[in-house]
Amino acid sequence: KQEVTQIPAALSVPEGENLVLNCSFTDSAIYNLQWFRQDPGKGLTSLLLIQSSQREQTSGRLNASLDKSSGRSTLYIAASQPGDSATYLCAVISGAGSYQLTFGKGTKLSVIP
Amino acid sequence: DTGVSQNPRHKITKRGQNVTFRCDPISEHNRLYWYRQTLGQGPEFLTYFQNEAQLEKSRLLSDRFSAERPKGSFSTLEIQRTEQGDSAMYLCASSPGRPLKETQYFGPGTRLLVL
């Protein structure tokens, strides 16, 4: 059974700092990995999707990397802003004909002005 | 493109009552998913439709839960004889159906409170 772990559970940084969020998964046979953002009481916003054959994806100040063999992904946020404060969730599709996302518990990020 | 919509956004009910939620996916998305999220946890998969066919169901989906997607358009999730443990955010997502590029787009969720 696929399990996804995110470290740290919470992170507080001053505005302008670069930061890295970590995600690990137990079964390396994945189709893809997605990073989402969730604001309090709201739904999920997709940030980046990395296919299993890719090593990284970039969107603006966000960069996500994938090391499938070691079961790890990182989300790098450059020059953090207070508006980046949210919970960041990592999720994988494990393949074998299943399209369900398996999520981690998320990292709650607070960017202090 | 108006995104995935869900109704109602909030629902308060008494234990033992039945509730029904509706999800309208992004038009032309043939896959639709239901997830449940409790406080402090990531979403957990419940079930998935490709067009009108329900192809996958989680063990979390007990006999009290039923989902439909008539004509492959909107979907409904019904919970019968609600229990306090059913209190959660119920999230719906849709995707266009391109393997390996399966970005799932989520709706705002329906928050259920069972008293």
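Overview of results
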read-out	value
Residue under evaluation A:Val92, criteria (1) more than 9 Å from every other protein chain (Cβ to nearest Cβ); (2) open to solvent by 40 Å² or more (accessible area, probe 1.4 Å); (3) over 26 Å from A:Val13 (Cα atoms), criterion not met	(2)
Only one of A:Leu101, A:Leu75, A:Leu66 that is out of contact with any Gly (no Cβ under 8 Å at 6 or more places or on another chain), open to solvent by less than 10 Å² (accessible area, probe 1.4 Å) and within 11 Å of another protein chain (Cβ to nearest Cβ)	A:Leu101
Evaluation of A:Thr45 against (1) touching a residue at least 12 places away in the same chain (Cβ under 8 Å); (2) touching a strand residue (DSSP E or B) at 6+ places or on another chain (Cβ under 9 Å); (3) of a type in the set (S, T, N, Q) (one fails), failing number	(1)
Among residues of the stretch B:81-103, those that are touching a Lys or Arg at 6+ places or on another chain (Cβ under 9 Å) and either open to solvent by 30 Å² or more (accessible area, probe 1.4 Å) or farther than 26 Å from B:Asp63 by Cα (or both), counted	8
Selection count, the stretch A:48-63, where residues are within 10 Å of A:Leu75 (Cα to Cα) and within 10 Å of another protein chain (Cβ to nearest Cβ)	1
Failed criterion for B:Thr82 (all others in (1) in a strand (DSSP E or B); (2) more than 24 Å from A:Cys90 (Cβ to Cβ); (3) touching a residue at least 40 places away in the same chain (Cβ under 8 Å); (4) among the hydroxyl-bearing types (Ser, Thr, Tyr) hold)	(1)
Those residues of the stretch B:59-90 which are at pLDDT 95 or above and among the aliphatic types (A, V, I, L, M), in sequence order	B:Ala67, B:Leu77, B:Ile79, B:Ala88, B:Met89
Qualifying residue in the stretch A:33-41 (condition: without any contact (Cβ under 8 Å) to a residue 12 or more places away in the chain, under 18 Å from B:Pro43 (Cα atoms) and open to solvent by less than 40 Å² (accessible area, probe 1.4 Å))	no
Identity of the residue in the stretch B:104-115, within 16 Å of the chain's Cα centre (by Cα) and of a type in the set (A, V, I, L, M, F, W, C), that ends up least open to solvent (accessible area, probe 1.4 Å)	B:Leu112
Matching option when the condition is in a strand (DSSP E or B) and in contact with a Cys (Cβ under 8 Å, 6 or more places away or on another chain), among A:Gln57, A:Gln34	A:Gln34
Tally of residues being over 16 Å from A:Glu17 (Cα atoms) and outside any strand (DSSP E or B) across the stretch A:64-98	6
Residues within the stretch B:25-79 that are open to solvent by 60 Å² or more (accessible area, probe 1.4 Å), acidic (Asp, Glu), free of Cβ contacts under 8 Å to residues at least 24 places away in the same chain and farther than 18 Å from A:Gly43 by Cα, tallied	3
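The values are calculated or read from the model by the stated rules, or taken from the named source; none is laboratory data. Since this is a predicted model, take the numbers as computed values, not measurements. Backbone-built Cβ (ideal geometry, glycine too); neighbour counts: all protein chains shown. We work out accessible area using only protein heavy atoms, side chains counted, and drop any ligands, DNA or RNA first. Shrake-Rupley method; radii C 1.70, N 1.55, O 1.52, S 1.80 Å.
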